[in-house]
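Okay, structure first, notes after.
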Amino acid sequence: MEEILSVQNLTKYFTNKGIFSSSKIVKAVDGISFSLKKGEVLVLAGESGSGKTTISRLILRAIEPDSGTIFFDGVEVTKESRNLDKLRKQCQIIYQDPYAAINPRMKVSDIVMEPLQIHKIGTTLERKKIVLDVLHEVRLEPAETIYEKYPHMLSGGQRQRIVLARALVTKPKVIIADEPVSMLDVSVRAEILELMREIQEKHGISYIYITHDLSTARYLGQRIAIMYLGKIVELGPINDVLFHPRHPYTQALIDAISEPNPDNLYQDKKIRINEPIDIDVYEGCRFRSRCPYAIEKCKDEPPLDQVEKDRLAACFVKIN
Ligand SMILES: Nc1ncnc2c1ncn2[C@@H]1O[C@H](COP(=O)(O)OP(=O)(O)OP(=O)(O)O)[C@@H](O)[C@H]1O
Ligand SMILES: [Mg+2]
């Protein structure tokens, strides 16, 4: 399968100035490489603070990387502002919070039409038709009525459909969905995910689906990259990774959501996922202070090596 997007060695550090202490460097994204194939859904998963949102902001050039390269549809977009328009038209993002993503003073029609105006797509009449079509597509019915409404007249689920409509209106090749359903009522989550999957399959759009939630990850995703403190620690086909993790951190993430199981091989080696992480551990394997398998060698940085066909893991031990 051909690639639509690839990032190589992407790096972004932040300096957080402490009020009482000296400033601290946060290695939010630290030498990340992956590619997204045409029509594929790649999941980025990992705890809070692992760098998932920073990656999406880097890809969209909302912030500049310290180093690394980004290719979109075969063209390098890292420094070129020439290709930025194409990138922003063809790569759309959906954020977690549908309330923050849309301007409450704008009508649905204007919210969804805005990207067409920005990218100078269609005449006024054509734009209206495109917007109505896309409202039908995300099942906001009757579209003609919804068209005239303001966001506050809609439910949370409907608002996230508006966000999806706005993302779709420029016919993007890639959609980055950053926790798109985590703020919605449980009852509407499944509907939105179903709609996202249907749209993805119909148009062959590639998704980067960012989530903590491994069950929705499995519902949408084909491959998964597990992130830990700015690094990808494991990458591969989603069922292989989730059913046979090779990195202890992936195992810990799965354990954190599984029912206690007496046969669980790792039970005596449980890792507490919600304990505070010592983020000063940037030397060697970052997971080693929490890892029950850590050995002396883990003081070195483990490379993201191939462990099986199509599978990578950054671990010297590589559990089985
Ligand atoms: N603008 C910024 N200035 C300083 N630090 C930042 C900034 N943006 C992100 N960070 C830090 O970078 C790290 C990665 O943050 P990021 O938001 O990418 O994580 P995340 O994986 O998306 O987390 P979450 O699951 O909570 O959304 C965190 O330690 C965060 O505090
Ligand atoms: Mg985030």
- Item | Value of [θ]222 nm, deg cm²/dmol, for the chain, DSSP H segments ≥ 4, -39500 (n - 2.57) each, nearest 500 | -9000 deg cm²/dmol
- Task: May I ask for the distance between the Cα centers of the stretch 177-253 and the stretch 79-143, given as a whole number of Å?
- Result: 24
- Normalized C-alpha radius of gyration of the chain, against 2.2 N^0.38 Å? 1.06
- If you bin every alpha carbon distance in the stretch 51-192 into 5 Å steps from zero, what whole percent lands in each bin? 2, 10, 19, 20, 19, 14, 10, 5, 1, 0
- Along the Cα-to-Cβ line of D310, 7 Å from the Cα, sits a label point; which residues in the stretch 19-41 have backbone N less than 18 Å from it? 34-41
- Note on the structure: Compactness check, the stretch 1-111: C-alpha Rg relative to the 2.2 N^0.38 Å globular estimate gives 1.23
- Task: Determine the gain in length on full extension of the stretch M1-Q117; use 0.36 nm per residue of separation and subtract their C-alpha separation, reporting nm with one decimal.
- Result: 38.4 nm
- Query: Which lysines, on any chain, are close to K128 with Cα under 30 Å apart, when same-chain ones fewer than 8 places away are left out?
  - Reply: K38, K86, K89, K107, K120, K149, K171, K173, K202
- Query: When the dipole is taken about the Cα centre of the chain, and only Lys, Arg (+1) and Asp, Glu (-1) are charged at their Cβ, what size is it in debye, to the nearest 20?
  - Reply: 760
- Message: With no other cysteine's Cβ closer than 4.7 Å, which Cys residues of the chain count as lacking a disulfide-compatible partner?
- Response: C91, C291, C315
- Task: Above 18 angstrom, tally the Cα pairs of the stretch 155-245 and express them as a % of all pairs, no decimals.
- Result: 47
- Run the quick spin-label model on L125 and S81: label points 7 Å from Cα toward the beta carbon, then report their separation in nm to one decimal. 3.7
- Quick one: if the Förster radius is 41 Å, what FRET efficiency do D66 and M153 give, using the C-beta to C-beta distance and rounding to 0.05? 0.40
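Just so you know, all these numbers are worked out from the coordinates, no wet-lab data involved. Keep in mind it's a predicted model, so treat the numbers as computed, not measured. Every residue, glycine as well, gets a Cβ built from its backbone with ideal geometry; the counts of neighbours run over all protein chains shown.
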